[in-house]
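Asks: Pasting a structure below so you can have a look.
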Amino acid sequence: MCYDMPLSIRMRRVPATFLPPIALDYSAKTPMYRQLYDWFRLAIVTGQMRPGQRLPSTRSLATELKISRIPVSNAYDQLLAEGYLETFIGAGTCVARSIPDDTLSPLAGKRQKELQQTVEKVGPRRMSRRGMALTQLPTQSWLNIVGAFRVSLPALDHFPIGVWSRLVARHSRRPARGIMAYGDAMGCLPLREAIAEYLGAVRAVRCQASQIMVTTGSQQGLHLSAQVLLDPKDRVWIEEPGYPSARQAFIGAGAQLIPIPVDHEGIKVAEAIRRGHNARAVYITPSHQYPLGMTMSATRRMLLLNWAVRTGAWIIEDDYDSEYRFGSRPIASLQGLDTDARVIYVGTFSKVMFPALRIGYLVVPKDLVPAFSAARDAADVFSATLYQSVLADFIGEGHFARHIRRMRMLYAERRKALVKAIRVQLGDVFEVIGAEAGMHLVAMLPPGVNDVALSRKAAQRGISATPLSACYLNPPGRGGLILGYGGTNAQEIHDGICKLKMCV
Ligand SMILES: Cc1ncc(COP(=O)(O)O)c(C=O)c1O
């Protein structure tokens, strides 16, 4: 069958297709054209080749198979005559769109059934304990909507995308060997130097560029820390409530999580020590506790550092959004107080740039650099070099500092608008906490209100309100909603709170 296509489609050049993995038996008695015919027919009726899928040209397939074009043309002609293929002028040969379902389904269905039966016969297949533990972690799939209040989302429409695209184009036009070949597991030196300078100046982190590892976001930083520092069954203190994705990283390493409650001064170190909870590591968010938002006090910081030195434990400090403080100066990092190199500092560009960039970093104690570097090599070798180079220029040319300054003002306005909307619309139904920094706050619910049920209800109205209880390991006393305002503008904040009110 041969159809005419609209002129606009006919004018386009036919793009090259992938060559199918056909293995011809050159010594067999079956002629070449028949082997080709059989292969394509089976691929079509079993669904391996889908209706509408393009076939390679006879020339390229003949070249690939090192045979003449004649058997390929003969096989295609036969399949065309039998209705398995169709051709469009200017678009080449495709699997027919109109292959009847009953031609496709019996074989494809039979295959599927056989596979299913095999799986059922062997029962649940063996996975690692870590794999099992990961699948048992709760998920909140209903929150996967880009609605108002989605946490961790910056103001994407305020990102200087013009500047960024220019820098991407600059690096892509004259691609140096450096951005196309294999790179360093620790990252590109210019970016590591820029990060070290930034952290020293703004976060009082004490480090050299040689200690910085560029990662694909904080999550990889946590994952690598768990890989390098923990053995299966090692105990890790985590904040209660805390960051759920950190739990995943430690559970994935086979660690045992010990939830330690937080109060207005951060993680209750003395209580953990008093209860005799030994641990190999502790995960904390001291600058801006996730999700409740308090800052860890100086006394608790010193207590934690002393405990780590005494017991040889590691402190994993996640400093995920400390750039955004509204009422006060940024809080210095815990790493800057550490005199015994016990802190692994985890940072990210997800909030200050955009999450899809997937660039973060670790500041690793000097003696651990070879181990972290080897772990990275074993994981995914290194981060995409193009974007590391672009980001180094973005920081070096001052765009980064400017963007943060502008976003700090914008988020302060959005936070004010959200607090006001909650007060005006909901009176004292919600108790707002943790609104002094970052890109989210927590609205505590009246006792007895189920935050998961409310979050699900809100999602049906297009609102992404994360239930606070998802951040707890033990059942919490009171529910709440974590509301992100970074990526939610004033109008969306107003409308979103109106919708939430209806759900309450
Ligand atoms: C506590 C915490 N750490 C880290 C991150 C950032 O993670 P990533 O850098 O993997 O995007 C987030 C973002 O949601 C967070 O809330």
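Each value in this text was obtained by applying a stated rule to the coordinates, not by laboratory testing. Treat the numbers as computed from the prediction; the structure is a model and nothing was measured. Every residue, glycine as well, gets a Cβ built from its backbone with ideal geometry; the counts of neighbours run over all protein chains shown.
Asks: Counting C-alpha atoms alone, how compact is segment 262-309: give Rg to one decimal and Dmax as a whole number, in angstrom.
Replies: Here Rg and the maximum Cα pair distance are 10.3, 28 Å.
Asks: Let me spell out the model: positive unit charges on the Cβ of Lys and Arg, negative unit charges on the Cβ of Asp and Glu, origin at the Cα centre of the chain. What dipole size does that give, in debye rounded to 20? Show your work: numbers first, answer last.
Replies: Working: 61 positive and 41 negative charges, 79 e Å.
The dipole of the chain has a size of about 380 debye.
Asks: Using a Cα-Cα cut-off of under 15 Å, which aspartates and glutamates could be cross-linked to LYS66, ignoring same-chain neighbours fewer than 8 residues away?
Replies: Partners within reach: ASP25.
Asks: Any chance you could get the radius of gyration and Dmax over the Cα atoms of segment 333-483, in Å?
Replies: Considering segment 333-483 through its Cα atoms, Rg and Dmax are 20.1, 55 Å.
Asks: What per residue convex hull volume, in Å³, comes out for the chain when only alpha-carbon positions are used?
Replies: Measuring per residue, one finds 227 Å³ for the Cα hull of the chain.
Asks: Okay, moving on. Identify, among TRP237, GLN219, ALA204, the residue whose Cα sits farthest towards the positive end of the charge dipole of segment 186-267, taking +1 on the Cβ of Lys and Arg and -1 on the Cβ of Asp and Glu, with the dipole about the Cα centre.
Replies: Of the candidates, GLN219 comes out farthest on the positive side.
Asks: Which of the aspartates and glutamates could be linked to LYS457 by a straight reach, that is with a Cα gap under 13 Å, when you skip same-chain ones fewer than 8 residues away?
Replies: Here the aspartates and glutamates satisfying the reach criterion relative to LYS457 do not exist.
Asks: Rounded, prolate or oblate: which fits segment 118-225 when a ≥ b ≥ c are the square roots of the eigenvalues of the alpha-carbon gyration tensor, with rounded for a/c under 1.5 and prolate only if a/b beats b/c? Present the calculation step by step, with values, prior to reporting the outcome.
Replies: Details: a/c = 1.85, a/b = 1.62, b/c = 1.14.
Taking the square roots of the gyration eigenvalues as a ≥ b ≥ c, segment 118-225 is prolate.
Asks: In addition: From the residues GLN256, CYS188, THR17, which one has its Cα farthest along the dipole of the chain in the positive direction, the dipole being from +1 and -1 charges on Cβ of Lys/Arg and Asp/Glu about the Cα centre?
Replies: THR17
Asks: Determine the alpha carbon to alpha carbon distance for each of LYS420/LYS501; LYS268/LYS501; LYS233/LYS351; LYS268/LYS416 and list only those over 24 Å.
Replies: Pairs exceeding the cut-off: LYS268/LYS501; LYS233/LYS351; LYS268/LYS416.
Asks: If Rh is defined by the Kirkwood formula over all Cα pairs and Rg also comes from Cα, what ratio Rg/Rh do you get for segment 285-357?
Replies: 1.00
Asks: Ok, one more. If neighbour count is taken as other Cβ atoms inside 10 Å, put LYS501, LYS233, LYS351 in order from fewest to most.
Replies: LYS233, LYS501, LYS351
Asks: Here is a further query. Averaging sequence separations of C-alpha pairs under 8 Å and six or more residues apart, then dividing by the length of the chain, give the relative contact order as a whole percent.
Replies: Answer for the chain is 18 percent.
Asks: Now a separate question. Suppose we look only past 20 Å in the calculated P(r) of segment 155-304. What percent of the Cα-Cα pairs does that tail hold?
Replies: Result: 64 percent of Cα pairs exceed 20 Å.
Asks: Using only the Cα atoms, work out Rg/Rh for segment 123-162, with Rh taken as the Kirkwood radius, to two decimals.
Replies: Using only Cα positions, Rg/Rh for segment 123-162 is 1.27.
Asks: Further question: Take every DSSP beta bridge with both residues inside segment 190-322 and express the antiparallel ones as a percent of the total, to the nearest 5.
Replies: Just about 15 percent of them are antiparallel.
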